[in-house]
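The values are calculated or read from the model by the stated rules, or taken from the named source; none is laboratory data. Bear in mind the structure is a predicted one, so any value in this text is a computation, not a measurement. FYI the Cβ positions are ideal-geometry reconstructions off the backbone, even for glycines, and counts take in every protein chain you see.
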Amino acid sequence: MPVAPISGGNGVPFLVSAGIVYEIIAAACSSPQTTEINADTRAETLMKWVHIGLVQSAGFVVVAALIDRQHAPAIVAGGGIAALLMYVSYAHAKEAGLESCEPGTET
């Protein structure tokens, strides 16, 4: 029995674009949890790497959108939403950590 070809919708490009943003930022820095726990000693360094990860991610998303123009809106939307969510997560973690009285795990 022949297998039907997978339809070419925007869902896969959207998820791939979102996934690459999460992967690149994860590769560039610690988790939001680590950012919160160690904000007193590492907030600026951790956020620097979040920004570097966002720039790297944007580069990959732009290249992917240029290569696959048919799916460019989904690629850009996935990458943009993921970038926004990850940035908000790290910004919140930084603020929560700086406001916390709990000790970090690093000295």
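What to note about this one:
- Taking the range 60-79 as the range and being more than 16 Å from residue 26 (Cα to Cα) and of a type outside the set (Val, Ile, Thr) as the test, the residues that pass are 64, 65, 66, 68, 69, 70, 71, 72, 73, 74, 77, 78.
- The lone exception for residue 61 - which of (1) among the aliphatic types (A, V, I, L, M); (2) within 14 Å of residue 17 (Cβ to Cβ); (3) touching a residue at least 60 places away in the same chain (Cβ under 8 Å) it fails: (3)
- Output for the range 83-104, where each listed residue is outside any helix (DSSP H, G or I) and within 18 Å of the chain's Cα centre (by Cα): none
- Qualifying residues in the range 48-107 (those that are surrounded by fewer than 17 Cβ atoms within 10 Å (Cβ to Cβ) and among the polar types (S, T, N, Q)) - the one modelled with the lowest pLDDT: 107
- For beta carbons closer than 6 Å, sequence separation of 6+ or different chains, a first residue in the range 15-35 that is touching a residue at least 24 places away in the same chain (Cβ under 8 Å) and among the polar types (S, T, N, Q) and a second that is buried (at least 18 other Cβ atoms within 10 Å of the Cβ) and part of a helix (DSSP H, G or I), the qualifying pairs are 17/61; 17/75; 17/78; 17/79; 35/46; 35/90; 35/93; 35/94.
- Residue satisfying all of: in the range 9-31; surrounded by fewer than 21 Cβ atoms within 10 Å (Cβ to Cβ) and over 11 Å from the mean Cα position of the chain (by Cα); modelled with the highest pLDDT among these: 16
- Here residue 9 fulfils each of the conditions (1) without any contact (Cβ under 8 Å) to a residue 24 or more places away in the chain; (2) in a helix (DSSP H, G or I); (3) of a type outside the set (Asp, Glu) apart from (2).
- For residue 3: the one exception among (1) modelled with pLDDT of 85 or more; (2) over 23 Å from residue 68 (Cα atoms): (1)
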